[in-house]
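Reading through the structure tokens given below for one structure.
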Amino acid sequence: MGRSRLLRAAASALTALLLDQLTKLWATSVLPANGGRLVAVPGWLSFSLLKNSGGTFSLLSNHNLFFAGASLVVLLAIIVVLVRGYFSNPVSVTALGAVAGGAAGNLLDRIRLQGVVDFIHLRWWPTYFNLADVAIRVGVLVFLATLVFEQATRRRRPD
């Protein structure tokens, strides 16, 4: 059981990391560096190249080292949790892998570029983001949902 859990998490993490890095490579190769915009779906989705040295929503700009350290701590914590087998639900494990892959993608940017490559903009979202951010947010939401679901299921079972 332990080996399949780790393989599932690793596959999820590597998928998130690979998709993130490939899309960032595309963005840095295709999008203009001067802030130009590529409209994909008018009024809804566009792409523009930005470098974020802060956190989510560009909070604490110019604190790249702090966020690199935080990403490393998150990665190490997820590895410990997975190796020790605290969670065995396949959905939880896959979600944790996605969070790890996203954190690794942004950490690589912070090390290589001293900031994260953001390029996706949705009209209704307040800031730019990337696929690593999506993996982190979706992974956290799915992980929390599985915890809530498991807790609710345990409460309904008669002792």
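The values are calculated or read from the model by the stated rules, or taken from the named source; none is laboratory data. The shown structure was predicted, so the numbers you read here are calculated from the model rather than taken from an experiment. Note: ideal-geometry Cβ built from the backbone for every residue, glycine included; neighbour counts use all protein chains shown. Ligands, DNA and RNA are stripped out before the accessible areas are found, and what is left, the full protein with its side chains, is counted by its heavy atoms. Shrake-Rupley method; radii C 1.70, N 1.55, O 1.52, S 1.80 Å.
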- [ ] Give the residue from A95, I120, L31 lying farthest towards the positive end of the charge dipole for the chain; charges sit on Cβ (+1 for Lys and Arg, -1 for Asp and Glu) and the dipole is referred to the Cα centre.
- [x] A95
Task: Cβ-defined net charge surrounding W125, 12 Å radius [Lys, Arg +1; Asp, Glu -1] - done: 0
- [ ] Taking only protein heavy atoms into account and a 1.4 Å probe, give the accessible area per residue of the stretch 1-56 in Å².
- [x] 62
TODO: Compare V39, V140, V116 in a GNM of the chain, Cα atoms joined below 10 Å, and give the one with the largest fluctuation.
DONE: V39
Task: Longest DSSP-loop-exposure-free segment, trypsin sites (Lys or Arg not before Pro), the chain, at most 12 other Cβ within 10 Å - done: 38-122
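Quick check: at a probe of 1.4 Å, how many percent of the accessible area of the chain sits on carbon and sulfur atoms? Walk me through the intermediate numbers first.
On the way: 6680 of 9600 Å².
Of all accessible area on the chain, carbon and sulfur atoms account for 70 percent.
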TODO: Could you work out how far apart the two model spin labels at L72 and V140 are, taking each label as a point 7 Å from the Cα in the direction of the beta carbon, and quote it in nm?
DONE: 2.1
TODO: Starting from 0 in steps of 5 Å, tell me what percent of the Cα-Cα pairs of the chain lands in each bin.
DONE: 2, 9, 16, 19, 17, 13, 10, 6, 4, 2, 1, 0, 0
Task: For the chain, size of Cβ-based charge dipole, Lys and Arg +1, Asp and Glu -1, in debye - done: 380
Open item on the list: Given a 10 angstrom Cα cut-off, can you work out which residue in S92, S53, S29 is the most mobile in a GNM of the chain?
Closed with: S29
Task: Degrees between helix 64-84 axis and first principal axis of the chain (Cα, 0 to 90, nearest 10) - done: 20
